[in-house]
Each structure stands twice: as C-alpha cells, then as structure tokens.
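Below: one structure, written as structure tokens.
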Amino acid sequence: MSRPGTATTRTPVQLAATVVGAVFLVVGIAGFIPGITTDYDTMQFAGHESHAKLLGVFAVSILHNIVHLAFGVLGLVMARTMRNAFLYLVAGGVVYLLLWLYGLIVDHDSSANFVPLNTADNWLHLLLGIGMIALGFALGRTARPNRVAGNG
C-alpha cells in the first residue's frame, strides 16, 4: 500500500497479471451480451448442447462465462503481489494447457464436454497456456517495479 504523495508501483509480472485478469473479465461479460455472443437464445448452463458462440467462434455456456469471470477476478486479486502474479500466470497457464489437452481428448458431442469446447476454443486454450506461462517466467524474474500512478 502506498502513502499519499508516493507512487504506486507494480512489477511487469503484476501488470501482466492485471491485464490478463481484466481481459478474462471482459470476455466473461461479453459472453452474456446478445450480439457479441451469437445464438444467445440457445445458451445452456453447461454442456455441449449450448450452441452460443462468443464472437460467433468460441463455444460458451453460462458456466463457461462464470469461469472466465472468476478467473478474471482471481487475476486482479493475485496481481497485488509479485509472487502471486507469477503464480497466477504460470498456474493459470498450466490449467489452460490441461484444458487444451482435455479438449483434444473429449468428443465435442459427448456429455463429458461440459464446458463446452470446440476446435477454436482448443487453439485458444493452447495459445493462452503457452502465453501465460511465458509471461510468468519472462516477467517474473525481474524485480524492478514500473511506475503506474502517483506524483513520484
């Protein structure tokens, strides 16, 4: 916590975790907006029966959107410290790589596809997993904070 008149500082890894968390929040909210989400009226709570697609591409359900919202909030909370920001990016990246593997293994029309997932989701999960882990390791090694606010 900063004192009045001092700069608030964040390390690069904290800034990255904040941005990633904010993007997940935006995506979670967008998944509930008709027009941004096509076939909105077919959205189910969970399962492959949901035909709603964010941006007409990524399969979504109510549960999927809630997970994005929760992941976004978690990112913003964990970005408060350098260590937790690093853990959010790396552990979150591992979760997305596991989700990518799950998407490759599970039949998209199976009841086991409870999220739901499609091919576009699988590619996105692979890129998110690699990207988050790379950000965590590339930025988590630096200890120099960047000034983001204040009079300094």
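Could you tell me how many of the residues in segment 16-37 are farther than 30 Å from ARG83 by Cα and surrounded by fewer than 16 Cβ atoms within 10 Å (Cβ to Cβ)?
So the answer is 4.
Of the residues VAL77, VAL90, VAL73, which single one is surrounded by 15 or more Cβ atoms within 10 Å (Cβ to Cβ), of a type in the set (Val, Ile, Thr) and touching a Gly at 6+ places or on another chain (Cβ under 9 Å)?
None of the others qualify; the one that does is VAL90.
Taking the condition of being surrounded by 20 or more Cβ atoms within 10 Å (Cβ to Cβ) and out of contact with any Gly (no Cβ under 6 Å at 6 or more places or on another chain), how many residues in segment 47-57 meet it?
4
Filtering segment 63-102 down to residues that are part of a helix (DSSP H, G or I) and of a type in the set (Gly, Ala, Ser), which residue is nearest to ALA22 (Cα to Cα)?
Only one residue fits best here, namely GLY72.
Would you confirm, using the coordinates I've provided, whether SER2 is farther than 28 Å from ALA138 by Cβ, at pLDDT below 90, part of a loop (DSSP other than H, G, I, E, B) and among the hydroxyl-bearing types (Ser, Thr, Tyr)?
no
When you check LEU74 against the structure, is it touching a residue at least 24 places away in the same chain (Cβ under 8 Å) and under 13 Å from the mean Cα position of the chain (by Cα), yes or no?
When the stated conditions are applied, LEU74 passes them.
Take the conditions surrounded by 15 or more Cβ atoms within 10 Å (Cβ to Cβ), over 16 Å from HIS125 (Cα atoms), within 18 Å of the chain's Cα centre (by Cα) and modelled with pLDDT of 95 or more and apply them to LEU63. Does it pass?
no
Determine which single condition GLN44 fails, assuming it passes every other condition in (1) modelled with pLDDT under 95; (2) crowded, with 19+ Cβ neighbours inside 10 Å.
With (1) modelled with pLDDT under 95; (2) crowded, with 19+ Cβ neighbours inside 10 Å applied to GLN44, the lone miss is (2).
Six or more apart or on different chains, Cβ under 6 Å: which pairs go from a residue in segment 47-59 that's over 19 Å from TRP100 (Cα atoms) to one that's hydroxyl-bearing (Ser, Thr, Tyr) and not in a loop (DSSP other than H, G, I, E, B)? Could you list them?
Sorted first by the residue in segment 47-59, then by its partner, the pairs are HIS51/THR42; ALA52/THR37; ALA52/TYR40; ALA52/THR42; GLY56/THR38.
The values are calculated or read from the model by the stated rules, or taken from the named source; none is laboratory data. Quick caveat, the model's predicted, so the values are computed rather than measured. As a convention, Cβ positions derive from the backbone with ideal geometry for all residues, glycine included, and neighbour counts pool all protein chains shown.
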